[in-house]
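Worksheet: the structure to be examined is printed underneath.
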Amino acid sequence: MHEVVEKILFSEDQLRERIKGLAAEITRDYKGRRPLMVAILKGSVLFFSDLIRELDFNLEIDFMSISSYGNGVKSSGEVKMIKDLDGKIEGKDVIIVEDIVDSGYTMKYLTQLLSARNPASIKICTLLDKPSRREAEISVDYKGFEVGNEFVVGYGLDYAGSYRNLPYIGILKRSVYEK
Ligand code: PRP
């Protein structure tokens, strides 16, 4: 275990198993369609690449980069777009893939922005959901796990840009961010 990690919350095996379950759910709903899977950079990249490999239907992918945290541990409520989608989404079934929904501001901003482009549908798939911190009203369609109010890192999730490459999700030691 990495020295900054207090405890492993979800091991590689647990992540793999849950992602298979999520993929089966999504496959049931989208079989015969050709949705556009949108990865929200950077946190969702590991989840996204593991998830789409388990999906048993034809799909397209695109990427968008949104930022709300800066380098802190708390959402600022300020959301900005760093990179837009490459392609058009009009008439498409869009599935937004996130690593974590926290305050919900990012997803609220994004669903409003993308809805205005007239897609056939928009759904949200997140690996982690932190409902205790919700401030913006949004509904998650597919979720991997619920987490409490701990600071989690690994499997795409960072603290100040680090620890995204840990293969598991762990709780960050308080001493790391309470300096
Ligand atoms: C994180 C995460 C979500 C967002 C969730 O992204 O990936 O996009 O914050 O927080 P919210 O529900 O409070 O809006 P971050 O801005 O840290 O960018 P990153 O994915 O590049 O690390």
Exercise. Between S132 and Y177, take the C-beta separation as r, use R0 = 22 Å, and let me know the FRET efficiency to the nearest 0.05.
Key: 0.75
Quiz prompt | Extreme residue, positive dipole direction of the chain, given options I100, V147, G87 (C-beta unit charges) | solution = G87
Quiz item: Quick one: net charge of G104's neighbours, Cβ under 11 Å, K/R +1, D/E -1?
Solution: -1
Practice problem: Compute the distance in nm between two label points, each set 7 Å from the Cα along the Cα-to-Cβ direction, one at R117 and one at S65. | Solution: 1.7 nm
Exercise. Could you work out the local net charge near V38, counting Lys and Arg as +1, Asp and Glu as -1, over the other residues with Cβ closer than 12 Å to its Cβ?
Key: -2
Exercise. Express the Stokes-Einstein translational diffusion coefficient of the range 1-91 in µm² s⁻¹, to the nearest whole number, given a Kirkwood radius over alpha-carbon pairs, 10 °C and a viscosity of 1.306 mPa s.
Key: 102 µm²/s
Quiz item: In debye to the nearest 20, how big a dipole does the range 93-179 give about its Cα centre with +1 on each Lys and Arg Cβ and -1 on each Asp and Glu Cβ?
Solution: 180 debye
Exercise. Please report, to two decimal places, log10 I(q)/I(0) for the chain at q = 0.13, 0.15, 0.20 Å⁻¹ as given by the Debye formula with identical point scatterers on the Cα atoms and no solvent.
Key: -0.63, -0.85, -1.49
Quiz item: Want the number for E78 to E150: 0.36 nm per residue separation, take away the alpha-carbon distance, what's left?
Solution: 23.8 nm
Exercise. Under 17 Å Cα to Cα from K130, which lysines show up? Leave out anything in the same chain fewer than 8 places away.
Key: K74, K108, K143
Self-check item: Ranked packing of 50-61, 33-44, most packed first, by mean Cβ within 10 Å
Solution: 33-44, 50-61
Self-check item: Mean Cα-pair separation over length for the chain, i.e. relative contact order, pairs under 8 Å, 6 or more apart, %
Solution: 25 percent
Self-check item: Rounded to 5, percent antiparallel among DSSP beta bridges of the chain
Solution: 35 percent
Quiz item: For the range 20-179, with the dipole built from +1 on Lys and Arg beta-carbon atoms and -1 on Asp and Glu ones, taken about the Cα centre, which of C125, S162, V45 lies farthest toward the positive end?
Solution: S162
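All of the numbers you see were taken from the coordinates with simple rules; none came from a lab. Treat the numbers as computed from the prediction; the structure is a model and nothing was measured. Note that we place each Cβ from the backbone using ideal geometry, even for glycine, and neighbour counts take in every protein chain shown.
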